[in-house]
Amino acid sequence: MFYWTLKRIIVGPLVRALYRPRVTGLENVPLDGPAIIAPNHLSFCDSVFLPLAAPRQVHYVAKEEYFTGTGPKGRLMAWFFTGVGAVPVDRSGGRASMAAIDTGMAQLKAGRLFGIYPEGTRSPDGRLHRGRTGVAHLALASGAPVIPVGLVHTDEVQANGSMRWRRPFRARPEIHFGAPLTFERYEGMQRDRFVLRAVTDEIVSAILALSGQEYVDMYATKAKLLAAKAEKAEKAGSAATPLDRAA
């Protein structure tokens, strides 16, 4: 009830009026039964626009700290994520990825629509990065269809790493739902790493066709690490004195 109140009365009408998201392919989302929603990930606001666009509630995992914050901001964030159906997952330990998969399986067994970002984290550079195989494991273990989604211009609404939304009418986000992907041919092979990689790459390829991004065969986490190292090196270089640089 709280989810639909947010979607239809409190948040949904305002966001749709201000940002006028363009949505295509809604007929590809099954109206009942288990299914996996697999979008690219450009911005924090993806987790707002995607549930607003979907014809049924999307359940997805979110970092546990989103639910445990203190103060007005922390309580507001916990209220929002609980309301939109997010499930808290502890991502600090070595079983973080398995915890997310276990949560996804539970949601799918309950016949729900489960959302998972194959890249595992937001893109640090706007490109589509190599997919993690968790989405493939879920698809093969559950037998649920995968609905690829291409999100476009959401990073122009809210820049990566920022909590501030830009003024409306400067960008119009797009949410494109693709045709369902099924993998019956690989039934029972969710422990085969080569099969998992092939299925993941097929899903990411479908997302790429919908999002129109540039693809880079590198995990987003590694791209973030390299970008941070480059930034650190650049700052160190600019901080050096002319005598240091000459040496």
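The values are calculated or read from the model by the stated rules, or taken from the named source; none is laboratory data. Small disclaimer: the values here were computed from a predicted structure and weren't measured. Neighbour counts run over all protein chains shown; Cβ positions are idealised from the backbone, glycine included. Just so you know, the surface numbers come from the protein's heavy atoms only, side chains and all, with ligands and any DNA or RNA stripped out. Shrake-Rupley method; radii C 1.70, N 1.55, O 1.52, S 1.80 Å.
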Taking Val89 and the conditions (1) aliphatic (A, V, I, L, M); (2) touching a residue at least 24 places away in the same chain (Cβ under 8 Å); (3) more than 21 Å from Ala38 (Cα to Cα), which numbered condition does it fall short on, given that it satisfies the others?
-> (3)
Selection from the stretch 1-29 of residues open to solvent by less than 10 Å² (accessible area, probe 1.4 Å) and out of contact with any helix residue (DSSP H, G or I) (no Cβ under 8 Å at 6 or more places or on another chain) yields Val29
Among helices (runs of 4 or more DSSP H) lying entirely in the stretch 137-239, which contain 1 or more residues that are open to solvent by less than 70 Å² (accessible area, probe 1.4 Å) and out of contact with any Ser or Thr (no Cβ under 9 Å at 6 or more places or on another chain)?
-> 193-211, 220-239
Check off (1) touching a residue at least 60 places away in the same chain (Cβ under 8 Å); (2) touching a helix residue (DSSP H, G or I) at 6+ places or on another chain (Cβ under 9 Å); (3) open to solvent by 60 Å² or more (accessible area, probe 1.4 Å) for Asp32 and give me the number that stays unchecked.
-> (2)
Number of positions in the stretch 159-193 that are over 25 Å from Ala35 (Cα atoms) and touching a Lys or Arg at 6+ places or on another chain (Cβ under 7 Å) = 2
